[in-house]
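Notes follow the structure.
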Amino acid sequence: MDVKLILSLLAENVERTGYPVPVDVERIYSWAKPLNLPRGGRAVLYTGALYQLAPYINSLVRHLESLEGRRAGGLALRLAKTLGKIIDLGKVVAKADPGEIKAVEEVLRSIARLLSAAGVEYGYLYEDDMYSGVILYDMGLDEAFARHAKMVAETLEKSGASLIITVDPHTTHVLRSVFPEYVDGFGLEVKNYLEILSENIDSLKPRRGEAGYRVVIHDPCFYARHEGIVEEPRQLLRFAGLEVEEPPRSGKMTYCCGGPVEAVSPSLSRRIAETRLRELQGVGGRIVTMCPICYVNLRRVGGKVEDIALHLSRRLL
Amino acid sequence: MPSVALEEVLRDVRRALEDPALQEGLRRAYTGAERRVPEILAEHPEILELARRVEEAKRRVLEDLDRYIEMAVESLKGVGAEPHFAGTAEEAREIVAGIVGSGKVVVMSKSMVAAEIGLREHLESLGNEVWETDLGELLIQLQGSKPMHTIAPAIHLTREEAARLVSEKLGVKLDGEKIEEIVAVVRRYLRDKFVRADVGISGANALAADTGAFVLVENEGNIRLVTGLPPLHIAVVGVDKIVPTLTDAFHVAMVQAAYASLYPPTYLNVIAGPSSTADIEKKRVYGAHGPPKLHVVLVDNGRKKAAKKPLLAEQLRCIRCGRCQLECPVWRLTANHWGGPVYGGPMGVGWTAVTLGEESGAELAHLCLGCARCDEVCPVRIPLSRIIRWLKKLYAESHGL
């Protein structure tokens, strides 16, 4: 892959549109409409758009996979760039799977409903639910990241919230552990919804009389190794009456889904995902993910996986 | 210009993924290694304590590297060794070449720093007969390839491939492809080289600044022969291997062995100066049974500069156990095809940045997942994934992004 070109496309996309890949912007917050969530408040739900972006990232990666190793790949991208059609690239590559879009929106609604069921009072940001910029940070595009992060921080601060509730590992990590380094005076409290649900577990009630089933848990690297979120998902799944199985590598030693190199080396990414999927399948049980990137990556290699929020909402709502 | 190019790394990685022999060799080799280290640590919790001490000792040296190099040089002189200092890989090669000359038989024990400075090839080009004596490293020499793991260089070779190499390249007959048979044949073959060798070249796991003693840990027994049998011993030692005391040096060896899942190590060699005796009239005579002459070449090659850099300095604590490689999802599919021309995997990216320049390390950085399993297992707590993310940043900056 032409990494330089990919990096500059990502940076330019974020600069011009706010998102790393072309995306239907209204779809970023329209998932929340049926829920009638209040706007703003002391605590706000901040998705950082990663769940919503995952199907688009997935379709871009599928496209890159088909180009990998072909000279034409670099050529096509270069052409798109010289023609200044960075945003139009979306029409070519971002033919995201509508089923996947629906699925991630359902995950977000489940998260929102679970928070409400746990008695948490919170609002939503709607069009101010900006992308966090995490991919810029991961790719070492620090200047572009710092610029974007400043805007995100300003927007969040302007909302008047003092607590930011995040829903995925990457956004949680970047907001809680990276923003303070890159944005002067960033002092908002950041908590992940799994942490909040765990704190308020007494307010939740498992449905009675439904048989539990076995789940095998795939910890995301950023929850387990960077943000110390290991016990919460297990506690919640067990509380919901599910039997939690550990794969050979779990918790702090969890194994990457391959996602982070998907744009640089799609074939390597695929092989890592296959390695992990085989391992998860070997345990027996329904595979639980907690990260939109893990979700689309394990799915791309044929995995039948489901987000933890869907498991929890079925049993706790 | 960086000496590593991302385009080539990506091609290498794709080739590695499509190499069934490599994939099969890797699969056979790492099954089990991941489990053994935690078992060893559970059985010997004192190792964890020693790892903290090693980390601390290395930090102390790296904060004051020039002074520790001077101390090491003085201590080496004190025990009758001849110290040399090489600023670059080329200088190091020239120093060793100057001592060895040409037309000699040279036996080497596996040394990453020797590979880093291209020593074997250089000595061969000067008309010396040079033999690697570590079995894995010999297979690499015979294959004309590069080591694929820090401790287990031939981790990617199956027994079938090893047998083919040994019989073809050494011209010895093998009955079948039993591993025992390969080992026995190589043992017989190299025995003659050890006896005839004019020079033995080794690395070192750690060099004590206080005493000039260095330690070498091993399982095969080849290091004892390389450093003990020929009349001349040359040790090539990166300046990052200097630790304050001999006790620290022992700790390094123990921690390295445990994290490499080889515990206890079969052999631990301590070398403080050339062999000598004073058994007759208390007169000291050098070269009793071991070599009468010992040269120690201290190699900088980017280390002193790196020691002054935030983050990259932390790479220099590395004790080369290779644990980060075995735990890395990328390494497990590519072995040392990713990480640089000599070093590989997560530690390899950092070492490439140290020894070949940051811009070369930066070309490798984008293959890192940033998953941080390596950080989790490193005995001396090197923030490997953070070093690599910093290199990604350098990549962006140097390409105007």
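How many Cβ atoms of partner chains, on average, are near each residue of A:136-146 if near means within 10 Å of its Cβ?
5
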**Study point:** Hull volume in cubic angstrom per residue (convex hull over the Cα atoms of chain B)
**Key:** 138
Practice item. Report the Cys residues of the protein assembly as shown lacking a disulfide-compatible partner, meaning no second Cys Cβ under 4.7 Å from their Cβ. Key: B:Cys318, B:Cys321, B:Cys328, B:Cys368, B:Cys378
Point to revise | Hits among aspartates and glutamates - C-alpha to C-alpha of A:Lys95 under 18 Å, sequence gap 8 or more where chains match | key: A:Asp24, A:Glu26, A:Glu65, A:Glu105, A:Glu262
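Of the lysine pairs in segment B:228-375, how many meet both conditions: Cα atoms under 24 Å apart, and a spacing of 8 or more in sequence or different chains? Mind dumping the intermediate values first?
Working: B:Lys241/B:Lys293; B:Lys241/B:Lys304; B:Lys241/B:Lys305; B:Lys241/B:Lys308; B:Lys241/B:Lys309; B:Lys282/B:Lys293; B:Lys283/B:Lys293.
Qualifying lysine pairs in segment B:228-375: 7.
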Review point. Cross-link partners among lysines for A:Lys33, C-alpha distance below 18 Å, same-chain residues fewer than 8 apart left out?
Key: A:Lys102
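Using 0.36 nm per residue of separation minus the Cα-Cα distance, give me the extension gain between B:Ala42 and B:Lys77 in nm, one decimal.
Working: separation 35, 0.36 × 35 = 12.60 nm, distance 4.09 nm.
Full-extension gain reported as 8.5 nm.
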Exercise for review: Quick one: go through segment B:217-246 and flag any residue whose amide nitrogen is under 20 Å from the point 7 Å out along the Cα-to-Cβ line of B:Arg53.
Suggested key: B:217-218, B:241-246
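May I ask you to give the average projected area over all directions of the convex hull of the Cα atoms of segment B:32-162, in nm² rounded to one decimal? Display every interim value, and only then the final one.
Values: hull surface 44.3 nm².
For segment B:32-162, the mean projected area of the Cα convex hull comes to 11.1 nm².
Using the crude model of +1 on Lys and Arg Cβ and -1 on Asp and Glu Cβ, and no other charge, please compute the dipole size for the protein assembly as shown relative to its Cα centre, in debye to 20. The partial results should precede the final answer.
Numbers: 91 positive and 95 negative charges, 200 e Å.
About 960 debye.
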Practice item. Please work out the C-alpha center-to-center distance from segment A:210-275 to segment B:62-82 and express it in whole Å. Key: 49
Exercise for review: In whole angstrom, note down how far apart the Cα centers of segment B:83-125 and segment B:258-298 are.
Suggested key: 20
Revision key, fill the gap. In Å, the Kirkwood hydrodynamic radius from C-alpha pairs for segment A:208-316 sits at 14.0
**Study point:** Derived scalar couplings ³J(HN,Hα) [segment B:320-326; Karplus, 6.51 cos²θ - 1.76 cosθ + 1.60; whole Hz; x for Gly, Pro]
**Key:** 6, 7, x, 5, 4, 5, 4
Exercise for review: In whole Hz, with x marking every Gly and Pro, tabulate ³J(HN,Hα) for segment B:209-218 from phi via Karplus 6.51 cos²θ - 1.76 cosθ + 1.60, θ = phi - 60°.
Suggested key: 5, 6, 10, x, 8, 10, 10, 9, 10, 6
Practice item. Please name whichever of A:Phe186, A:Asn36, B:Leu262 sits farthest to the positive end of the charge dipole of the protein assembly as shown, dipole taken about the Cα centre and charges placed at Cβ: Lys and Arg +1, Asp and Glu -1. Key: A:Asn36
Review point. Distance in nm between label sites at B:Leu268 and A:Lys304, each 7 Å beyond Cα in the beta-carbon direction?
Key: 5.4
Exercise for review: Return the FRET efficiency for the residue pair B:Arg164, B:Asp192: r is the Cβ-Cβ distance, R0 is 22 Å, and the value is rounded to the nearest 0.05.
Suggested key: 0.50
Point to revise | DSSP H segments from chain A that extend 27 Å or more along their own axis, Cα-based, with Kyte-Doolittle mean of -0.5 or above | key: A:98-117
Practice item. Compute the FRET efficiency between B:Glu8 and B:Lys146 as 1/(1 + (r/R0)^6), taking r as their Cβ-Cβ distance and R0 = 22 Å, and round to the nearest 0.05. Key: 0.95
Study note, to complete from the structure: Residues whose built amide H sits under 5 Å from the amide H of A:Asp2, excluding neighbours closer than 5 in sequence, are none
Revision key, fill the gap. Simple SL model, points at 7 angstrom along Cα→Cβ for A:Thr17 and B:Thr245; separation in nm is 6.3
Review point. Is the protein assembly as shown best put as rounded, prolate or oblate by its Cα gyration tensor, with a ≥ b ≥ c the root eigenvalues, rounded for a/c under 1.5, and otherwise prolate when a/b is larger than b/c, oblate when not?
Key: prolate
Check your understanding: For segment A:208-316, with only Lys/Arg (+1) and Asp/Glu (-1) charged at the beta-carbon, what is the dipole magnitude about the Cα centre, in debye rounded to 20?
Key -> 240
Exercise for review: Note the direction-averaged projected area, equal to a quarter of the hull surface, for the Cα convex hull of segment A:141-233, in nm².
Suggested key: 8.0
Revision key, fill the gap. Counting every C-alpha pair in chain A, the percent lying more than 37 Å apart is 13
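For B:Tyr286 and B:Glu70, FRET efficiency with R0 = 30 Å and r from the beta-carbon atoms, rounded to 0.05? The partial results should precede the final answer.
Numbers: r = 25 Å, r/R0 = 0.82.
So the FRET efficiency works out to roughly 0.75.
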Revision key, fill the gap. Phi-derived 3J(HN,Hα) across segment A:169-184 with the Karplus relation (6.51, -1.76, 1.60, θ = phi - 60°), rounded Hz, x for Gly and Pro, is x, 5, 5, 4, 5, 5, 6, 7, 10, 9, 3, x, 7, 10, 10, 4
Study note, to complete from the structure: Long-range amide H partners of B:Phe85, meaning residues 5 or more apart or on another chain whose placed amide H is closer than 5 Å, are B:Leu298
Practice item. Note down the nm distance, to one decimal, between modelled labels 7 Å out along Cα→Cβ at A:Tyr213 and at B:Leu126. Key: 7.0
Check your understanding: Across the residues of B:385-392, average count of Cβ atoms on other protein chains within 10 Å?
Key -> 2
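Give the order of A:Met151, B:Met108, A:Met253 when sorted by the count of other beta carbons within 10 angstrom, beginning with the fewest.
Values: A:Met151 13, B:Met108 28, A:Met253 16.
Fewest-to-most ranking of A:Met151, B:Met108, A:Met253: A:Met151, A:Met253, B:Met108.
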Exercise for review: Excluding residues fewer than 8 places away in the same chain, name every one of the lysines whose C-alpha is closer than 30 Å to that of B:Lys169.
Suggested key: B:Lys104, B:Lys110, B:Lys146, B:Lys178, B:Lys193
Practice item. For segment A:117-155 and segment A:169-192, write down the distance between their C-alpha centroids in whole Å. Key: 9
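Laboratory data are not the source of any read-out in this text; all were calculated from the coordinates shown. Nothing here was measured: the structure is a model prediction, and the numbers come from that model. Glycine also receives a Cβ, built like all others from the backbone with ideal geometry; neighbour counts cover every protein chain displayed.
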